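See structure below.
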Amino acid sequence: MANHAPKKILIVEDEAEIAQLVKLYLEKDGFQTTIANTGVEGLKLIKTDRPDMVILDLMLPEMDGLEVCKKIRNAPDTALLPVLMLTAKAEESDTIIGLELGADDYVTKPFSPKVLVTRVKALFRRLERADDPKRTSYAYGPLLVDLSRHEVMVGGEEIPLTAKEFGLLEQLLHHPGRVLTRDVL
């Protein structure tokens with residue numbers, strides 16, 4: 001993480017002691033953190049603070065974590081935001097649902113704070129390897145794709161895409177000439 005601004009992580013957790021523990025360990029490792037106590041507050045902070053990752057509890061007041069995750073994935077400007085679910089829901093079916101709804105990782109409580117920080121760092125490493133940091137935009141004739149801003153323009157006109165459509169387009173751009181198979185999609 002040297003030579004980079006500290007990554008910002010939003011912790012969406014209604015249990016104050018857990019939120020503070022996660023905050024403490026992440027900040028000791030150089031991350032900037034913000035805490036939201038409800039799902040609704042978390043969504044507001046995602047829009048205003050633009051975090052680099054969200055650590056999301058499932059059992060939240062006002063709006064549960066699964067609904068928050070769905071809203072993150074369905075909004076074009078947050079569709080690719082990394083989400084790590086941190087929850088007491090430890091059943092296999094809960095993990096499957098969380099990952100299928102778009103979580104990038106799933107950690108169950110009780111948890112080791114050191115392991116959590118290590119998983120956060122591993123997720124950032126995977127994301128950095130997936131992206132060429134020097135290449136954030138692509139142009140093909142009238143088509144312009146800005147990956148950092150999640151924008152697609154054709155002939156100067158913005159084309160609205162769903163999160164899935166944008167993700168598919170991004171895969172195609174990162175793998176030119178490659179046929180995408182079902183496992184990539």
Which semi-axis lengths, in whole Å and largest first, follow from the square roots of five times the eigenvalues of the Cα gyration tensor of the chain?
30, 18, 16
Mind listing the long-range amide H neighbours of Leu147? Cut-off is under 5 Å, sequence gap 5 or more, other chains count too, H placed in the peptide plane at 1.01 Å from N.
Ser137, Tyr138
Taking a straight Cα-to-Cα line shorter than 19 Å from Lys121, and setting aside same-chain aspartates and glutamates fewer than 8 residues away, one finds Glu27, Asp29, Asp52, Asp57, Asp104, Asp105, Asp131, Asp132
Going highest first, how would you order 41-48, 109-116 by mean Cβ packing within 10 Å?
41-48, 109-116
Could you sort out which of Lys7/Lys70; Lys8/Lys109; Lys7/Lys47; Lys8/Lys44; Lys23/Lys164; Lys70/Lys114 sit more than 25 Å apart by Cα distance in this structure?
Lys23/Lys164; Lys70/Lys114
Pop the C-beta distance of Arg125 and Glu157 into the FRET formula with R0 = 25 Å and round what comes out to the nearest 0.05.
0.10
Apply the Karplus curve 6.51 cos²θ - 1.76 cosθ + 1.60, θ = phi - 60°, to the phi angles in the range 38-48 and return the couplings in whole Hz, x for Gly and Pro.
9, x, 5, 4, x, 4, 5, 5, 4, 5, 8
Residue-wise, which Karplus ³J(HN,Hα) couplings in Hz belong to the range 13-20, taking 6.51 cos²θ - 1.76 cosθ + 1.60, θ = phi - 60°, and x for glycine or proline?
8, 8, 8, 4, 5, 5, 4, 5
Antiparallel content of DSSP bridges confined to the chain, in %, to 5
40
Compute the relative contact order of the range 8-130 as a whole-number percentage, counting only Cα pairs closer than 8 Å that sit 6 or more residues apart in sequence.
22
For Met59, which sequence-distant residues (separation of 5 or more, or a different chain) have an amide H within less than 5 Å of its own amide H, given hydrogens modelled in the peptide plane?
Gly65, Ala88
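Bear in mind these aren't lab numbers, they're just calculated from the coordinates by the rules spelled out. Please read these numbers as outputs of a predicted model, since none were measured by experiment. Please note: Cβ atoms are built from the backbone with ideal geometry, for glycine as well, and neighbour counts cover all protein chains shown.
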